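Peer 1: Have a look at this one before I ask anything.
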Number of protein chains: 4
Amino acid sequence: MSDDQGGEHNFASDNVSAVCPEIMAAIVNANVGSVGSYGSDPLTARLTERLKEVFETDLVAIPVATGTAANALALSVLTPPYGSVLCAESAHINTDECGAPEFYMGGAKLLGLPAPAGKLSADSVELAIAQARAGGLQSAQPHAISLTQSTEWGTVYSRQELASISAIAAKNDIAVHMDGSRLANGLVRLGCSPAEMTWKSGIDVLSFGATKNGAMAAEMVIFFDCDRAAGLAARHKRAGHLWSKSRFLSAQLLAYLTDDLWLRNAGNANVSATYLAEGLLKIEGVCLLQPVEANEVFVILPEPVSTRLRHRGLGFAAWRRGNLFNQNAFRFVTSYSTRTSDIDRLLNSA
Amino acid sequence: MSDDQGGEHNFASDNVSAVCPEIMAAIVNANVGSVGSYGSDPLTARLTERLKEVFETDLVAIPVATGTAANALALSVLTPPYGSVLCAESAHINTDECGAPEFYMGGAKLLGLPAPAGKLSADSVELAIAQARAGGLQSAQPHAISLTQSTEWGTVYSRQELASISAIAAKNDIAVHMDGSRLANGLVRLGCSPAEMTWKSGIDVLSFGATKNGAMAAEMVIFFDCDRAAGLAARHKRAGHLWSKSRFLSAQLLAYLTDDLWLRNAGNANVSATYLAEGLLKIEGVCLLQPVEANEVFVILPEPVSTRLRHRGLGFAAWRRGNLFNQNAFRFVTSYSTRTSDIDRLLNSA
Amino acid sequence: MSDDQGGEHNFASDNVSAVCPEIMAAIVNANVGSVGSYGSDPLTARLTERLKEVFETDLVAIPVATGTAANALALSVLTPPYGSVLCAESAHINTDECGAPEFYMGGAKLLGLPAPAGKLSADSVELAIAQARAGGLQSAQPHAISLTQSTEWGTVYSRQELASISAIAAKNDIAVHMDGSRLANGLVRLGCSPAEMTWKSGIDVLSFGATKNGAMAAEMVIFFDCDRAAGLAARHKRAGHLWSKSRFLSAQLLAYLTDDLWLRNAGNANVSATYLAEGLLKIEGVCLLQPVEANEVFVILPEPVSTRLRHRGLGFAAWRRGNLFNQNAFRFVTSYSTRTSDIDRLLNSA
Amino acid sequence: MSDDQGGEHNFASDNVSAVCPEIMAAIVNANVGSVGSYGSDPLTARLTERLKEVFETDLVAIPVATGTAANALALSVLTPPYGSVLCAESAHINTDECGAPEFYMGGAKLLGLPAPAGKLSADSVELAIAQARAGGLQSAQPHAISLTQSTEWGTVYSRQELASISAIAAKNDIAVHMDGSRLANGLVRLGCSPAEMTWKSGIDVLSFGATKNGAMAAEMVIFFDCDRAAGLAARHKRAGHLWSKSRFLSAQLLAYLTDDLWLRNAGNANVSATYLAEGLLKIEGVCLLQPVEANEVFVILPEPVSTRLRHRGLGFAAWRRGNLFNQNAFRFVTSYSTRTSDIDRLLNSA
């Protein structure tokens, strides 16, 4: 597979990429004979075993095809319909899933908190909980906190930041969910173990993404506290997300977790983003909106620069969220498949 | 009925009041013989006729016992589960109904917008619509705007303000809902006709409140655009809000609309609030958080003053919402039953 | 209050009646001064204490205005959205509430079982559970059984029948809900204590009705297992069923439970039904569809008889449910206010 | 791909099969370069064009990964939360999707009607509508009829049967949905055109299945009445069923519709089922529960026969549904990959 065949590399998102070769090979290899359906196949069983090794703990995992499904299912188990979830105002669950979490939770509220650089803080979370408690029966009480790693602004929570939020959550008997749509990118950045960035930092439930990092359509909901997962399997089925031929989801995820493919892919994306940001900053008038800590670059581009790039057919996205409704704000996303030459071509066009 | 029998007048809310005598008499008078159930009684028929006179237009109305039910039913007809509703961050539907609108709408989102003095502006509404449109399929698209008259901060939209918001709504094919939990207070303030403050100002659907202004438990959902009301009756029934003995809701509302009772009651409440505010402002260190335009007074009280009032058993409410989490902010609400002597006693205690 | 003022007595339902005098007096008497709102008033506190005496046990109770609300709230606490509820095919929750339980439960299924005479049997319940268990993840698993006392066919479960169903439920860790819209009628029939017919017979949650038996609009959800009631208060609020002036619901229910008013009212209704049935059976061609055990009489009337009664303006209801779609099937309901003379007039007209 | 590699052929379901080679090749071939995400890729555009040719009409189609998702999405567009759907008691949507339709519809009811051989009849549909209409506001009114082609009992509606049900629907302004999880099997049986079996027979909305007939995970919701599809795209997204890399769904479906692959695959499955049934009937004591018209065989097997087959490791399913709770009832399903030799081996083992 080579991007050259598809024309210019596209920086609009990491989900415009093709499937990486190792994962496509795994799909093809899974296509042998009859196996049990609805998750009773050998690959799905092996996947759970592999996850226990990767995360060094017991867990419950179900594979699904999209990140929206993973997030919505996870939150629906944690939060009753009369409850609420604290998240960043800019969280994908709050702005980009067309109300999927509210649908799955049966109408529970997302309370979007101001989150500079896409990150919740222990203080903002604590204040929001105090306000809800003061509201009593009139307020939808928080049952979960959802944070995104790496964040929607391409930043990464440190382990201390995660731990301080989790501590507030634990004190208030509130669960912590991590939207790991770009989990591997955050993990590579922190350089710690999967366990350290998740359950050892107080994360109870994880949406584990692979699609943006090389898979075809494969994510997981992972409960580290198995007792909390009651109802997950039934919700999975009734949402229409249980595949009859589930081996083809599990095959992707097993390949993803083999020979550190997930970390290698994310490593390439992160390095590419830093290289791209450094290059863009050399252009007069360009400034970064956020520090580049994973695989996304948010910039203000002078109007002539963005026009030039558009004319040359380069893919990148206008970025207008929340209070940022600036015509010159843009997002560039790098992926496992971005090459130095792709970035150089882009910079030369700017 | 005299508040003296119940001890000190309570300024915590207008819903701590008793039922006003005219309305209680109407309930007692309705209790004669068998009549059709589930809305097929003569009083309910008469109520609809009376409403058409009051609002000078055709309309569809259903009576319910609570304002939360009225709001949630109204919004559920206007907004599909995959849509959203624009409202003030401080709106009662967003902060004080424990997620009722989300429940009734099947998970549609409330998008709380910054609203100084509790009021949406045409600009903020227009920006929010533009952002949602830009978000495409990822964003829950706005199908309704909900505004409160008088607002949660005791202020009142002018007719021009209503018209400018409605114009944006109409241009974008979005319905406008008015939460009229304290409708009469706003109407008395504006001094215009019910028609002028509602459908002539572009309001499509109204929650018409009576409970806070002298009824026992009586509100209405009123659709001025009858075609838009499809499904309202079925939603009413399946929410458990259709009374079998519906005459006892309609009797309250008929009395409320007889001999201007609703306007007289609200007039007393509004005058009382102004009188109370003027008195409080004479105390050193007291300042108003909002202009007093209806029957609510939001103030900062010096700590010794609030302590003195509490010690003397006076009822009023600590007020902590949104970014206002000040220990010294309080709300006083006046009602149809507040008397000058009640306010004087309070001021003398301060 | 006298039905004579309202013209002919109406046998169409027990909810066409007026409010009985004792309850109306209690409403009027509750209308004194300011009291706490949203359930924090003294009458609501006293109601819970009275209920503990009546049922001889600790319990959690909330008052609501309609039976549909009581049923839907009760079931929503017992059953997750991915579960199911076993009930009679003819159950009011299944046929006459326009989907309220499904709404409140967030889409859980009602599985209507064949129920001769309106009664579930231990056998039919056991089979349905076995089928669901066999269906595994594909089947919505039963989390509650709902039975109606007295039933929709005017019959009454014996204590043995209740106990045998509850035993199956307990064995399968399934809760039992009793729809007591006409609870007092069933209780009078059995002649046992309220405790014996409910929690001592394995009932976990009760919808306790008063509206059909003399109240204006007053029912309760009662949890005998207090631990199971988590979330009830929040669901109550977000459904819009928490009255701000809640004292007026509690006043009705306190009066209802004072001096055996509820049992005296139901006693009159039951005796009247038996008297009516005996009279109707003397008419040639009339036959009963069900034994008369409470306050409802289901009959086949020869066409000339029903026509005669209709022409004379008498109120009664055509009855077409399930497989019974017979033009000559009718329901007559007696109430607390039915008098011997009302029945004699009806029989003389037939 | 050969089943031999996977051991004995498995007759438990058609979804235990591998992906057929043409479809797997299409997936691999789609994996080239960057393309637009979320349905904006060229393959998805081409798919819609191809469907218009196949069905000889304009239409709106969205691809999803599971049949449960297709059914639930389709019904959620047709039926408001306060409505109901008429279907066979034995319908997959009613018995095997863990409440998915109720979830997506926001709590609307499925009314399961007795359906001999898995088929609704015009008469039973008409009676159910009349009953609901008679119930008025208390009844959840039917907004859709859902029928399955081929049915859950392996039978096939004739075009006349479809037309007579659709006529009743049209007369009552009710939409008709076809669950075509095994659409190709029904189509091959009838030998008519896709248009004739669907919109020309009054079908408004189709769940078009491919997974059971050779795809990996690919189904579609197809609206023949484009105006009716409002909200479909938003519901698709918020259910988490919109793939970012949607090309991989569309590639499967395009291959499925190329060179009559879908009809050839179904043809093999149907012929195999007939051959299997004929063989089984030669065994003493075996009897068919339903005529074999598509790719499923429902039989009563004498206990020694079923035991022998189990011991030899052959896959087939115990079948216990509705009133059929017989230990000796079984289902055998054939697929695109079933070979004569597989069936002969099974018959020789019996």
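Peer 1: Right, B:ALA70: in a helix (DSSP H, G or I), buried (at least 24 other Cβ atoms within 10 Å of the Cβ) and touching a residue at least 24 places away in the same chain (Cβ under 8 Å) or not? Explain how you work it out, then say what you get.
Peer 2: Working: in a helix (DSSP H, G or I): yes; buried (at least 24 other Cβ atoms within 10 Å of the Cβ): yes; touching a residue at least 24 places away in the same chain (Cβ under 8 Å): yes.
Yes: the conditions hold for B:ALA70.
Peer 1: Of the residues that sit in segment A:2-14 and are surrounded by fewer than 23 Cβ atoms within 10 Å (Cβ to Cβ) and either within 18 Å of the chain's Cα centre (by Cα) or modelled with pLDDT of 95 or more (or both), which one is nearest to the other protein chains (Cβ to nearest Cβ)? Outline the logic, then answer.
Peer 2: The first filter runs over segment A:2-14 and keeps only residues surrounded by fewer than 23 Cβ atoms within 10 Å (Cβ to Cβ), leaving A:2-8, A:12-13.
Still in the running and either within 18 Å of the chain's Cα centre (by Cα) or modelled with pLDDT of 95 or more (or both): A:12-13.
On the way: A:ALA12: 8, A:SER13: 6 Å.
Across segment A:2-14, the extreme among qualifying residues is A:SER13.
Peer 1: Ok, one more. Tell me, please, whether a residue that is within 11 Å of another protein chain (Cβ to nearest Cβ) and either crowded, with 18+ Cβ neighbours inside 10 Å or polar (S, T, N, Q) (or both) can be found in segment B:153-173. Break it down stepwise before answering.
Peer 2: So the first thing to find is which residues in segment B:153-173 are within 11 Å of another protein chain (Cβ to nearest Cβ), and the list is none.
No; the residues of segment B:153-173 include none that is within 11 Å of another protein chain (Cβ to nearest Cβ) and either crowded, with 18+ Cβ neighbours inside 10 Å or polar (S, T, N, Q) (or both).
Peer 1: From the list A:VAL297, A:VAL292, pick out the single residue that is modelled with pLDDT of 95 or more, part of a loop (DSSP other than H, G, I, E, B) and on the phi < 0 side of the Ramachandran plot. I'd like the intermediate steps shown before the answer.
Peer 2: Values: A:VAL297 fails: part of a loop (DSSP other than H, G, I, E, B).
A:VAL292 is the lone residue from the list that is modelled with pLDDT of 95 or more, part of a loop (DSSP other than H, G, I, E, B) and on the phi < 0 side of the Ramachandran plot.
Peer 1: Of the numbered conditions (1) modelled with pLDDT under 95; (2) within 13 Å of another protein chain (Cβ to nearest Cβ); (3) part of a helix (DSSP H, G or I), C:TYR104 satisfies every one except a single condition; which is it?
Peer 2: (1)
Peer 1: Of these, A:LYS200, A:LYS171, A:LYS109, which one is under 28 Å from A:ASN268 (Cα atoms) and either modelled with pLDDT under 95 or more than 16 Å from the chain's Cα centre (by Cα) (or both)?
Peer 2: Working: A:LYS171 fails: under 28 Å from A:ASN268 (Cα atoms); A:LYS109 fails: under 28 Å from A:ASN268 (Cα atoms).
Sole residue among the options that is under 28 Å from A:ASN268 (Cα atoms) and either modelled with pLDDT under 95 or more than 16 Å from the chain's Cα centre (by Cα) (or both): A:LYS200.
Peer 1: Right, D:PRO81: within 12 Å of chain A (Cβ to nearest Cβ) and either crowded, with 19+ Cβ neighbours inside 10 Å or closer than 30 Å to D:ALA115 by Cβ (or both) or not?
Peer 2: Details: within 12 Å of chain A (Cβ to nearest Cβ): yes; either crowded, with 19+ Cβ neighbours inside 10 Å or closer than 30 Å to D:ALA115 by Cβ (or both): yes.
Against the criterion (within 12 Å of chain A (Cβ to nearest Cβ) and either crowded, with 19+ Cβ neighbours inside 10 Å or closer than 30 Å to D:ALA115 by Cβ (or both)), D:PRO81 qualifies.
Peer 1: Looking at segment C:41-53, which of its residues are out of contact with any Phe, Trp or Tyr (no Cβ under 9 Å at 6 or more places or on another chain) and open to solvent by 10 Å² or more (accessible area, probe 1.4 Å)? Write out each step before concluding.
Peer 2: So the first thing to find is which residues in segment C:41-53 are out of contact with any Phe, Trp or Tyr (no Cβ under 9 Å at 6 or more places or on another chain), and the list is C:41-42, C:44-50, C:52-53.
The answer is C:PRO42, C:THR44, C:ALA45, C:ARG46, C:THR48, C:GLU49, C:ARG50, C:LYS52, C:GLU53.
Peer 1: Another question, then. When residues of segment D:114-148 are filtered for being of a type in the set (A, V, I, L, M) and without any contact (Cβ under 8 Å) to a residue 12 or more places away in the chain, how many remain? Steps first, answer last, please.
Peer 2: So the first thing to find is which residues in segment D:114-148 are of a type in the set (A, V, I, L, M), and the list is D:115, D:117, D:120, D:122, D:125, D:127-130, D:132, D:134, D:137, D:140, D:144-145, D:147.
Next cut, without any contact (Cβ under 8 Å) to a residue 12 or more places away in the chain only: D:127, D:130, D:134, D:137.
Total satisfying the criteria: 4.
Peer 1: State whether the residues of segment A:182-202 include one that is open to solvent by less than 10 Å² (accessible area, probe 1.4 Å), within 14 Å of chain D (Cβ to nearest Cβ) and of a type outside the set (Ser, Thr, Tyr).
Peer 2: No.
Peer 1: Scan segment A:205-227 residue by residue and report those that are under 24 Å from A:ARG182 (Cα atoms) and not in a strand (DSSP E or B). Even if it seems obvious, please write down each step before you answer.
Peer 2: Here is the first cut: in segment A:205-227, the ones under 24 Å from A:ARG182 (Cα atoms) are A:205-226.
Result: A:ALA210, A:THR211, A:LYS212, A:ASN213, A:GLY214, A:ALA215, A:MET216, A:ALA217, A:ALA218, A:PHE224, A:ASP225, A:CYS226.
Peer 1: Could you tell me which numbered condition B:ASP259 fails, if it satisfies all but one of (1) part of a strand (DSSP E or B); (2) farther than 25 Å from A:GLN131 by Cβ?
Peer 2: Among (1) part of a strand (DSSP E or B); (2) farther than 25 Å from A:GLN131 by Cβ, B:ASP259 violates only (1).
Peer 1: Name the residues in segment D:84-101 that are of a type in the set (Asp, Glu) and at the interface with chain C (Cβ under 9 Å from one of its Cβ atoms), would you? Steps first, answer last, please.
Peer 2: In the first step, residues of segment D:84-101 are kept if they are of a type in the set (Asp, Glu); the result is D:89, D:96-97.
Those that are of a type in the set (Asp, Glu) and at the interface with chain C (Cβ under 9 Å from one of its Cβ atoms): D:ASP96, D:GLU97.
Peer 1: Another question about this same structure. Do you know which of the residues in segment A:309-328 that are surrounded by 14 or more Cβ atoms within 10 Å (Cβ to Cβ) and farther than 30 Å from B:LEU111 by Cα is modelled with the lowest pLDDT?
Peer 2: Filtering segment A:309-328 for residues that are surrounded by 14 or more Cβ atoms within 10 Å (Cβ to Cβ) and farther than 30 Å from B:LEU111 by Cα, the one modelled with the lowest pLDDT comes out as A:LEU314.
Peer 1: I want to confirm something. Restricting to segment B:220-257 and keeping residues that are more than 9 Å from chain C (Cβ to nearest Cβ) and of a type in the set (Phe, Trp, Tyr), which single residue is surrounded by the fewest Cβ atoms within 10 Å (Cβ to Cβ)?
Peer 2: Out of the qualifying residues, it is B:PHE224.
Peer 1: Return the residue satisfying two criteria in turn: it lies in segment C:275-289 and is in a loop (DSSP other than H, G, I, E, B) and of a type in the set (D, E, K, R), and of such residues it is nearest to the chain's Cα centre (by Cα). Walk me through it before giving the result.
Peer 2: Residues of segment C:275-289 that are in a loop (DSSP other than H, G, I, E, B), as a first pass: C:282-286, C:289.
Add one more test, that the residue is of a type in the set (D, E, K, R), and what stays is C:282, C:284.
Details: C:LYS282: 30, C:GLU284: 32 Å.
Per the criteria, the residue is C:LYS282.
Peer 1: Let me ask something else. Of the residues C:SER337, C:SER306, C:SER272, only one is buried (at least 20 other Cβ atoms within 10 Å of the Cβ) and part of a loop (DSSP other than H, G, I, E, B); which?
Peer 2: C:SER337
Peer 1: Looking at (1) modelled with pLDDT under 95; (2) farther than 30 Å from D:ASP342 by Cα; (3) open to solvent by 10 Å² or more (accessible area, probe 1.4 Å), can you tell me which one D:GLY33 breaks?
Peer 2: Just one mismatch for D:GLY33, condition (3).
Peer 1: When the residues of segment A:21-61 are filtered to those that are assigned to a loop (DSSP other than H, G, I, E, B) and over 21 Å from D:GLY214 (Cα atoms), which remaining residue is nearest to the other protein chains (Cβ to nearest Cβ)? Working first, answer last.
Peer 2: The first filter runs over segment A:21-61 and keeps only residues assigned to a loop (DSSP other than H, G, I, E, B), leaving A:30-41, A:56-59.
This time we only want the ones that are over 21 Å from D:GLY214 (Cα atoms), so: A:56-59.
Details: A:GLU56: 29, A:THR57: 25, A:ASP58: 21, A:LEU59: 19 Å.
Residue satisfying both the conditions and the ranking: A:LEU59.
Peer 1: For segment C:292-303, how many residues meet the condition of being open to solvent by 20 Å² or more (accessible area, probe 1.4 Å) and under 18 Å from the mean Cα position of the chain (by Cα)? Spell out the reasoning first.
Peer 2: Quick first cut of segment C:292-303, residues open to solvent by 20 Å² or more (accessible area, probe 1.4 Å) only: C:292-293, C:300, C:302-303.
Of the ones still in play, those that are also under 18 Å from the mean Cα position of the chain (by Cα) are C:292-293.
Here the count works out to 2.
Peer 1: Taking the residues in segment D:107-122 that are of a type in the set (Gly, Ala, Ser) and outside any loop (DSSP other than H, G, I, E, B) as candidates, determine which candidate is least open to solvent (accessible area, probe 1.4 Å).
Peer 2: Across segment D:107-122, the extreme among qualifying residues is D:GLY118.
Peer 1: For C:TRP243, state whether it is touching a Pro at 6+ places or on another chain (Cβ under 9 Å), among the aromatic types (Phe, Trp, Tyr) and either part of a helix (DSSP H, G or I) or under 29 Å from C:GLU53 (Cβ atoms) (or both). Talk me through it step by step, then tell me what you get.
Peer 2: On the way: touching a Pro at 6+ places or on another chain (Cβ under 9 Å): yes; among the aromatic types (Phe, Trp, Tyr): yes; either part of a helix (DSSP H, G or I) or under 29 Å from C:GLU53 (Cβ atoms) (or both): yes.
Spelling it out, C:TRP243 is indeed touching a Pro at 6+ places or on another chain (Cβ under 9 Å), among the aromatic types (Phe, Trp, Tyr) and either part of a helix (DSSP H, G or I) or under 29 Å from C:GLU53 (Cβ atoms) (or both).
Peer 1: Of everything in segment B:92-114, what is out of contact with any Cys (no Cβ under 8 Å at 6 or more places or on another chain) and under 19 Å from A:TYR104 (Cα atoms)? Give them in sequence order. Outline the logic, then answer.
Peer 2: Taking segment B:92-114 as the starting set, the residues that turn out to be out of contact with any Cys (no Cβ under 8 Å at 6 or more places or on another chain) are B:92, B:95-109, B:114.
Of everything in segment B:92-114, those that are out of contact with any Cys (no Cβ under 8 Å at 6 or more places or on another chain) and under 19 Å from A:TYR104 (Cα atoms) turn out to be B:CYS98, B:GLY99, B:ALA100, B:PRO101, B:GLU102, B:PHE103, B:TYR104, B:MET105, B:GLY106, B:GLY107, B:ALA108, B:LYS109.
Peer 1: Still on this structure, please answer the following. What number of residues within segment C:63-78 satisfy the criterion of being facing chain B (nearest Cβ under 7 Å), of a type in the set (A, V, I, L, M) and farther than 20 Å from C:LEU51 by Cα? Even if it seems obvious, please write down each step before you answer.
Peer 2: Going through segment C:63-78, the residues facing chain B (nearest Cβ under 7 Å) turn out to be C:65-66, C:68-69, C:72.
Subset that is of a type in the set (A, V, I, L, M): C:65, C:69, C:72.
Remaining after also requiring farther than 20 Å from C:LEU51 by Cα: C:72.
Count: 1.
The values are calculated or read from the model by the stated rules, or taken from the named source; none is laboratory data. Here the structure is a predicted model, which is why all the values come from computation and not from measurement. Heads up, the Cβs are rebuilt from the backbone with ideal geometry, glycines too, and the neighbour counts pull from every protein chain shown. With ligands, DNA and RNA removed, areas are computed over all heavy atoms of the protein, side chains included. Shrake-Rupley method; radii C 1.70, N 1.55, O 1.52, S 1.80 Å.
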